[in-house]
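A short reminder: the numbers here are calculations on the coordinates, not readings from a lab. None of the values given here were measured: they were computed from a predicted structure. When we count neighbours, we look across all protein chains shown, and the Cβ atoms used for this are built from the backbone with ideal geometry, even at glycine.
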Amino acid sequence: MPIYIYIPPFYAQELGIGMAAIGTVLTLARIVDAVAQPVIGILSDHLNTRWGRRKPWVGASAPLLLIAALMLCMPPQDTGSVYLFFWSVVIYVASSAMTLPYTAWAAELSGDYYERSHIVAWREGLTVVATLIATIIPALVTKYAGNDTHLPLISIVLFAGILLPICIPIALRRVPEMPVLHFRENNWRTGLGIVWRNHPFRLVLVAFLLNGVANSLPATLFLLFVTHVLDAAAYQSMLLFSYFGAWVLSVPLWLKLAHRYGKHKVWSASMVWACLIFVWVPFLSLGDVPAFLAISILSGIGLGADMVLPASMQADVVDADTLESGSQRTGLYFSMWSVATKLSLAGAVGIAFPLLDYIGFDAQSSLNGVDALAGLSLLYSIVPVALKVMAARLIWNFPIDAETQGRIREEIERRGTSGHLV
């Protein structure tokens, strides 16, 4: 996240690369990453070593990630677009090579319907906390160490260079990998056919994509909305921390509700909750910071379910595939969800900025008209509400609940016992 924030302006302002060239280069690097992700997922499913399937990827990608961060954050003065493209591809692909097996590893730690949610909750909660810390450090360096634009980038490299060599060996040594469930061979055509026939997967994927765009639109437009509609740029940090704080603190509540009512019902209810809160945003205007603070906190509570329950449901979907295919293809499935996440981010930008341009909104002007500001408010709130309603409707009757997932796991283990566990 800090690299996404600090790299583009640094390369533009300090190295003289044009903004259009930077945007094109980073987009192309993301496309390469999107193509690489299913390959990484499939390879990590098929790799079988004495250290496991997931651990070698996590361990081997860390040095490459650190090297790429060093090269991006401390470039030579004659750096151009080719240099930025190459090392952006390396850092994106290395990041995918670490995070995809990492999330698959977590999904495979438990076959229990409820315990999976707790595993995801700890992972995502700590991810939020760590992301905030990693984003704050460069900002503090900038504030207290003067205007040297190299210092925030150096702090990013130091932060990663200290923590990754500490945390990754602990995980590799202390966290087990479960036995691989495998009791049937399929060729790749048969395997893809099973993926396509996996109805729960299609439901979760479409709902995940719709909800991802719904969450990405406000994230993309947040700074514009706060600056131009509320005229409250000075309160941006406070509003963001309130939002993320509510997100983290709400997770135990959503876990408790999911344990009682089921993950899919509670996730649907959380999306409806977010809609009921966010539908009031278009009524805000200049100076309505207290009201928007309340909306940020209440909608942040809803995001707590978004960050925990879908990932836990994805592990349940993999069980359905394992039962039919005879192989545990967690990496493949999580790579497809990762691509969906990136598509939702790209979709938000692709929807928002052309529409803002069409209605005449100017981000550099403080004199946007009523219609332009109203259009920004609607894109920020009502479009996400409509998308979340569709996602909630899709997922309400999701076919895998605790009882169904329990029967699937029992059958998988029965067949695995009669076949073989790798």
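Some points to look at:
- Extending 7 Å from the Cα toward the beta-carbon at both V389 and D362 defines two label points whose distance is 3.5 nm.
- Exposure proxy order (Cβ contacts within 10 Å, fewest to most) of Y358, Y83, Y261: Y358, Y261, Y83
- What you get for the chain, charging only the Cβ of Lys and Arg (+1) and of Asp and Glu (-1), is a dipole of about 1040 debye around the Cα centre.
- Volume per residue that the Cα convex hull of segment 50-209 spans, once the total is divided by residue count, Å³: 181
- Anchor K263: lysines whose Cα lies under 26 Å away (excluding residues fewer than 8 positions away in-chain): K342, K388
- Among H150, H118, sorting on how many other beta-carbon atoms sit within 10 Å of each Cβ, with the fewest leading, yields H150, H118.
- Think of the chain as a dipole: +1 on every Lys or Arg Cβ, -1 on every Asp or Glu Cβ, centred on the Cα centre; then among V272, P384, I156, V272 lies furthest on the positive end.
- Rounded if a/c under 1.5, otherwise prolate or oblate - segment 86-162, Cα gyration tensor axes: oblate
- Full extension of the chain between V39 and A60 gives 5.9 nm of extra length, using 0.36 nm per residue less the Cα-Cα distance.
- Taking the Cα centre of segment 53-122 as origin and assigning +1 to Lys and Arg Cβ atoms and -1 to Asp and Glu Cβ atoms, the resulting dipole is close to 140 debye.
- About the Cα centre, charge dipole magnitude for segment 189-417 (Lys/Arg +1, Asp/Glu -1 at Cβ), debye: 700
- Projected-area mean, the chain, by convex hull of Cα positions, square nanometres: 20.8
- Placed amide H near A232: partners under 5 Å, 5+ positions off or other chain: T227
- By average C-beta atoms within 10 angstrom, highest first, the peptides 55-67, 155-167: 55-67, 155-167
- A straight chain from L109 to I170 at 0.36 nm per residue would run longer than the Cα-Cα distance by 20.3 nm.
- Within a straight-line Cα-Cα reach of under 21 Å, K256 can be paired with the following lysines, leaving aside sequence neighbours fewer than 8 residues apart in one chain: K265.
- Separation of alpha-carbon centers, segment 345-365 and segment 250-311, rounded to whole Å: 25
- Put in line by how crowded their Cβ is, counting other Cβ atoms within 10 Å and starting with the fewest, R407, R329 read R407, R329.
- Each Lys or Arg adds one and each Asp or Glu takes one away; over the other residues whose Cβ falls under 13 Å from the Cβ of N211, this sums to +1.
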